[in-house]
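Enquirer: Have a look at this one.
What follows draws every value from the coordinates through simple rules; no lab data is involved. Model, not experiment: these values are computed from the prediction. Counting neighbours? That spans all protein chains shown, and the Cβs are built from the backbone with ideal geometry, glycine included.
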């Protein structure tokens with residue numbers, strides 16, 4: 001038999017060196033007894049033999065990480081379990097991936113419990129202020145008494161150092177105490193009699209805890225699952241729990257049984273909603289009114305999943321009106337037309353064609369964004385004829401107000417709206433003749449068509465053609 | 001008003017805040033006070049729940065209203081103008097001090113501040129921002145701040161809020177704009193969606209580099225969330241999931257919280273008063289999860305939910321499996337991850353572990369025993385090296401007993 005004496009409960013380095021020697025000397029796990037500090041059992045084994053020179057082996061990283069966690073567990077059998085895993089890795093190099101192996105599973109469970117214990121320390125530890133708040137010379141100092149489930153104080157204290165770096169604090173536990181005053185130090189454990197006296201803020205905290213609880217949702221089992229009872233005795237709010245639970249049902253019944261209250265006449269008068277007209281039949285008198293009235297439009301269902309109606313933009317007396325299909329993702333969020341990728345391309349083409357922005361009013365055939373949700377994105381969907389027809393009222397209103405000399409329909413959807421019939425863009429492209437209201441109609445592609453072209457050569461050629469179209473339309477004025 | 005003691009204000013204004021389901025402190029930026037002069041830290045990963053109330057809910061943040069005075073009259077809300085509850089209002093300094101005091105004692109991860117609407121959306125938002133600004137700039141507070149964005153406030157105030165807060169939220173309140181109009185006449189679905197859009201744009205912009213190549217200022221680094229009340233109107237689960245899908249897609253939300261409509265003191269006549277539909281809420285969360293992490297589409301979930309309502313006795317994944325028996329049993333040694341995720345009783349983490357294990361050895365029933373909560377539940381749906389179900393239906397009888405829904409007898 002061999003015996004290994006580790007310096008402390010969390011002496012990972014000591015364990016690592018001993019395990020290394022033992023495995024190099026081919027000593028099987030049952031042959032080893034693991035002890036911590038000056039525990040009894042002085043005569044139960046020999047020291048592990050020193051390693052033969054020039055020998056070595058490496059353990060997978062996954063194992064080392066697991067072992068560093070497991071070593072903090074309270075279970076005395078952990079040292080042996082870890083050595084057994086190290087031993088088995090010799091014959092089963094892929095063992096760490098087999099999460100369903102009994103030893104691997106046991107070690108992973110221990111690591112999980114250690115992590116949980118550390119997390120619970122971060123969560124359930126309560127500080128009490130111990131300096132005299134009214135003393136201007138005193139440094140703000142906090143002390144906590146905590147009873148961790150595993151040996152996690154040294155590792156867990158970092159969390160509080162980051163949090164309270166500019167204050168002083170001590171965490172007292174039965175095994176070890178941690179202190180921070182700009183530097184971190186540790187001292188031996190103390191007992192509960194050293195816990196600081198109650199803090200005046202604790203009553204406020206209890207008031208908050210009781211008030212934030214909704215009795216209609218009482219579920220004490222779920223609470224205990226997340227907040228194990230072992231932590232309750234050091235948490236100031238926990239003493240309220242039994243009463244909150246026992247009264248919950250009665251409080252809920254009382255709320256359900258109570259007759260609805262009738263508000264005072266004064267409040268009812270004040271709260272009466274102002275009637276908002278929906279999709280007024282009267283045509284708006286100017287473009288500002290168009291933008292406002294559009295938000296209440298219910299002429300089709302597209303408003304439901306869109307953020308807002310997107311009105312046209314540009315001078316109210318522009319001689320040239322461009323009509324696109326519908327707003328896209330960006331336009332929908334910002335409430336402005338032609339600002340997405342296709343809009344930027346359109347602006348570039350306008351500039352190249354020498355069309356001044358002041359001359360152009362830009363708008364869409366459909367004013368709300370039609371789309372299909374795909375996870376975290378929205379995919380453009382083509383508006384159908386009914387939606388285009390429903391929205392035509394808005395385009396007509398804009399046209400009547402702006403009175404352009406030339407209207408350019410960009411793409412088939414715009415064509416449908418502007419010319420009142422389906423158009424074949426490639427065949428009919430160019431001047432279309434007079435449209436309703438007296439303006440001259442013109443048809444060309446939608447800029448998004450250019451974005452979708454697969455190769456650079458046709459992209460460049462089509463862009464040039466598009467620019468020519470815009471120039472031609474401008475020349476018509 | 002000054003005569004109300006602070007403790008009483010705390011009682012009133014936390015009681016008024018408890019119907020907001022969110023209390024998360026996760027997913028923000030990583031911060032420490034080591035290089036600062038104040039207090040506070042945040043982890044970029046999961047948040048910390050500092051306590052659990054007897055409803056099993058996490059207390060992570062000091063969740064309070066700045067005031068529960070409100071000019072709106074939303075029928076489902078305990079703070080509506082026509083309710084007779086006690087009213088109070090904190091000063092900015094009081095909230096700041098309370099946050100710091102609680103934080104230093106390790107009661108909380110930070111602040112979740114909301115408010116009734118007083119005077120106007122802009123005025124209210126300005127007050128909320130002032131609290132966050134004071135915490136951040138005067139006290140160098142580096143803990144978590146979740147601010148409510150008041151729908152209809154100006155874009156400048158939304159931007160300011162995003163610079164101080166880790167998370168912003170605008171509540172969508174109800175699954176349909178029509179019921180919103182009926183139950184919350186002063187609220188506007190458009191305003192709410194526009195505010196969500198503004199937050200998404202702010203977050204998107206903050207991820208772009210500036211012209212100089214410098215990183216843009218952080219904007220609501222833990223994203224945005226919203227809350228929908230379940231059971232206050234006649235909307236079906238399918239309606240609710242459709243709305244969620246649209247919100248996740250449009251505004252990049254981190255979470256949609258579903259909040260079972262809960263009886264409130266001093267209730268309005270406009271709403272049913274009954275116990276909150278907690279199981280319905282739970283099923284909606286499950287369906288939401290299936291859509292976001294398990295590769296299910298909304299239509300797939302809806303197809304297994306006749307009448308648009310999710311089954312209350314059996315979870316939506318099981319319901320989908322029962323409606324698609326031809327896809328089972330699944331050979332866990334061969335199937336793709338996407339199909340493994342569809343096995344009822346096997347979670348995403350177990351699936352990933354299983355994939356790791358099967359690279360080394362063939363999966364047997366005993367392996368599943370260690371991975372799943374109940375291997376019996378899995379058995380009708382899986383093939384392992386040592387198991388193949390007979391006729392699928394014979395074991396299904398145990399897993400999924402046909403449900404006879406108890407019907408409440410009518411008194412009339």
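Enquirer: On a C-alpha basis, how far is the centre of the range B:245-291 from the centre of the range A:13-90 in Å? Whole number, if you could?
Expert: When both Cα centres are located, 53 Å separates them.
Enquirer: Sticking with this one: What distance in nm separates the simple spin-label points at residue A:206 and residue A:246, each placed 7 Å from Cα in the Cβ direction?
Expert: 1.6 nm
Enquirer: Taking the alpha-carbon set of the range B:324-399, what are its Rg and Dmax in Å?
Expert: That works out to 11.3, 34 Å for Rg and Dmax.
Enquirer: For a quick check: sort B:294, B:251 by the number of other beta carbons within 10 angstrom, fewest at the front. Each step should come with its number before you reach the end.
Expert: Details: B:294 18, B:251 25.
Placing the least packed residue first, the sequence is B:294, B:251.
Enquirer: Is the range B:81-223 best put as rounded, prolate or oblate by its Cα gyration tensor, with a ≥ b ≥ c the root eigenvalues, rounded for a/c under 1.5, and otherwise prolate when a/b is larger than b/c, oblate when not?
Expert: Values: a/c = 2.12, a/b = 1.12, b/c = 1.89.
Verdict is oblate for the range B:81-223.
Enquirer: Here's another thing I want to ask about it. Could you give the Stokes-Einstein D for the protein assembly as shown in µm² per second, using the C-alpha Kirkwood radius, 10 °C, 1.306 mPa s? Mind showing how you got there, number by number?
Expert: On the way: Rh = 31.8 Å.
Estimated diffusion coefficient is 50 µm²/s.
Enquirer: Let me see the pair-distance distribution of the range A:201-257: every alpha carbon pair, 10 Å bin width, integer percents in order.
Expert: Final binned percentages: 21, 53, 23, 3.
Enquirer: Another one. Counting other C-beta atoms within 10 Å, which of B:359, B:283 has the fewest, and how do the rest follow?
Expert: Details: B:359 9, B:283 24.
Ranked by crowding around the Cβ, least crowded first: B:359, B:283.
Enquirer: Between helix A:385-402 and chain A, what is the angle of the helix's C-alpha long axis to the longest principal axis, kept within 0 to 90° and rounded to the nearest 10?
Expert: Value to nearest ten degrees: 60.
Enquirer: Using Cα pairs under 8 angstrom and six or more residues apart, how large is the relative contact order of the range A:104-206, in percent? Write out the running numbers ahead of the final one.
Expert: Numbers: 148 pairs, mean separation 23.3, N = 103.
Relative CO of the range A:104-206 lands at 23 percent.
Enquirer: What nm value, rounded to one decimal, do you get for the distance between residue B:3 and residue A:460 when each label is placed 7 Å out toward the C-beta?
Expert: In this crude spin-label approximation the distance works out to 8.3 nm.
Enquirer: Something else about it: Given contacts defined as C-alpha pairs under 8 Å and at least six residues apart, what's the relative contact order of chain B, whole-number percent?
Expert: Numbers: 719 pairs, mean separation 46.2, N = 412.
Dividing the mean separation by the residue count of chain B yields 11 percent.
Enquirer: Also: So what's chain B giving for Cα Rg divided by 2.2 N^0.38 Å, two decimals?
Expert: Working: Rg = 23.9 Å, N = 412, 2.2 N^0.38 = 21.7 Å.
The value comes to 1.10.
Enquirer: Right, here's the next one. Let's test the formula: R0 of 51 Å, r as the Cβ-Cβ distance of residue A:7 and residue B:239. What FRET efficiency results, to the nearest 0.05? Don't skip to the end; give the middle numbers.
Expert: Numbers: r = 64 Å, r/R0 = 1.25.
My answer for the efficiency is 0.20.
Enquirer: 7 Å from Cα along Cα→Cβ at both residue A:158 and residue A:239: what's the point-to-point distance in nm?
Expert: 3.6 nm
Enquirer: By how many degrees, 0 to 90 and rounded to 10, does the Cα axis of helix B:237-251 deviate from the longest principal axis of chain B?
Expert: Approximately 60 degrees, to the nearest 10.
Enquirer: Tell me, what is the FRET efficiency for residue A:393 and residue B:205 to the nearest 0.05, using R0 = 45 angstrom and their Cβ-Cβ distance as r?
Expert: Numbers: r = 35 Å, r/R0 = 0.78.
The calculated FRET efficiency here is 0.80.
Enquirer: A further question follows. Return the ratio Rg/(2.2 N^0.38 Å) for chain A, where Rg is computed over Cα atoms only. Don't jump to the answer; show the numbers that get you there.
Expert: Values: Rg = 37.8 Å, N = 477, 2.2 N^0.38 = 22.9 Å.
Normalised Cα radius of gyration, chain A: 1.65.
Enquirer: Estimate the FRET efficiency between residue B:216 and residue A:358 by the formula 1/(1 + (r/R0)^6), using the beta-carbon distance for r and 35 Å for R0, to the nearest 0.05. List each step's numbers first, then the result.
Expert: Values: r = 32 Å, r/R0 = 0.92.
Plugging the Cβ-Cβ distance into 1/(1 + (r/R0)^6) gives 0.65.
Enquirer: Pairing the Cα long axis of helix A:12-24 with the longest principal axis of chain A, what angle in degrees results, from 0 to 90 and rounded to the nearest 10?
Expert: For A:12-24 against chain A, the angle is about 70 degrees.
Enquirer: Kindly identify the range A:312-411 as rounded, prolate or oblate by the Cα gyration tensor criterion: order the square roots of the eigenvalues as a ≥ b ≥ c, call it rounded if a/c is under 1.5, otherwise compare a/b with b/c, prolate if a/b is larger, else oblate. Could the numbers behind the result be given before it?
Expert: Working: a/c = 2.28, a/b = 1.36, b/c = 1.68.
Oblate shape, in that a/c is at least 1.5 and b/c is the bigger or equal ratio.
Enquirer: Please compute the contact order of the range B:1-86 in relative form: average sequence separation of alpha-carbon pairs under 8 Å and at least six residues apart, divided by the residue count, as a percent.
Expert: Result for the range B:1-86 is 27 percent.
Enquirer: OK, next. What fraction of the DSSP beta bridges in chain A is antiparallel, stated in percent and rounded to the nearest 5?
Expert: Working: 20 of 45 bridges.
Here the antiparallel bridges make up roughly 45 percent for chain A.
Enquirer: Okay, moving on. Quick check on the exposure proxy: order A:262, B:95 from fewest to most C-beta atoms within 10 angstrom.
Expert: Working: A:262 12, B:95 26.
If I rank by nearby Cβ atoms, fewest first, I get A:262, B:95.
Enquirer: What percentages make up the Cα-Cα pair-distance distribution of the range A:360-477 when the bins are 10 Å wide from 0?
Expert: 13, 41, 34, 11, 1
Enquirer: Full extension from residue B:122 to residue B:85: what is 0.36 nm times the residue separation minus their Cα-Cα distance, to one decimal in nm? Please report the intermediate quantities before stating the final value.
Expert: Values: separation 37, 0.36 × 37 = 13.32 nm, distance 2.47 nm.
Between residue B:122 and residue B:85, full extension yields an extra 10.8 nm.
Enquirer: Classify the range B:278-322: rounded, prolate or oblate, from the alpha-carbon gyration tensor (a ≥ b ≥ c, eigenvalue square roots; a/c under 1.5 rounded; otherwise prolate if a/b is larger than b/c)? Before the final figure, lay out each step's value.
Expert: On the way: a/c = 1.56, a/b = 1.15, b/c = 1.36.
Since a/c reaches 1.5 but b/c is at least a/b, the shape of the range B:278-322 is classed as oblate.
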